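Colleague: My questions all concern the structure below.
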Amino acid sequence: MHLHELLRELNNLPEEQREVIVLIAVAEFSYTEVARVLGIPIGTVMSRISRGRERLRRIFEESVRPCLRRVK
């Protein structure tokens, strides 16, 4: 997956998942810092990043899966 594809898919995530991923992966905030900045429990941070990463992982796996033709 190319960077522009990753950014496009990141923008397609729900806002609450996207903001947590950006704060942790790009801004390098800790989970505790993200929880404090967003005013949410740390468990919610963990849940949102888990769901966001899973969604991006599935999209990535689909993009690298070979397309097989059906032969009769």
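Computed from the coordinates by the stated procedures, all read-outs in this text should not be read as laboratory data. On a predicted model such as this, the values are computed, not experimentally measured, just so you know. For neighbour counting, all protein chains shown are included, and Cβ atoms are generated from backbone atoms with ideal geometry for every residue, glycine included.
This table checks each residue for (1) part of a helix (DSSP H, G or I); (2) of a type in the set (Val, Ile, Thr); (3) over 15 Å from the mean Cα position of the chain (by Cα).
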site	(1), (2), (3)
4	yes, no, no
9	yes, no, no
17	yes, no, no
20	yes, yes, no
25	yes, no, no
28	no, no, no
33	yes, no, yes
37	yes, yes, yes
40	no, yes, yes
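Colleague: Would you confirm, using the coordinates I've provided, whether residue 60 is out of contact with any strand residue (DSSP E or B) (no Cβ under 7 Å at 6 or more places or on another chain) and not in a helix (DSSP H, G or I)?
Modeller: No, not satisfied.
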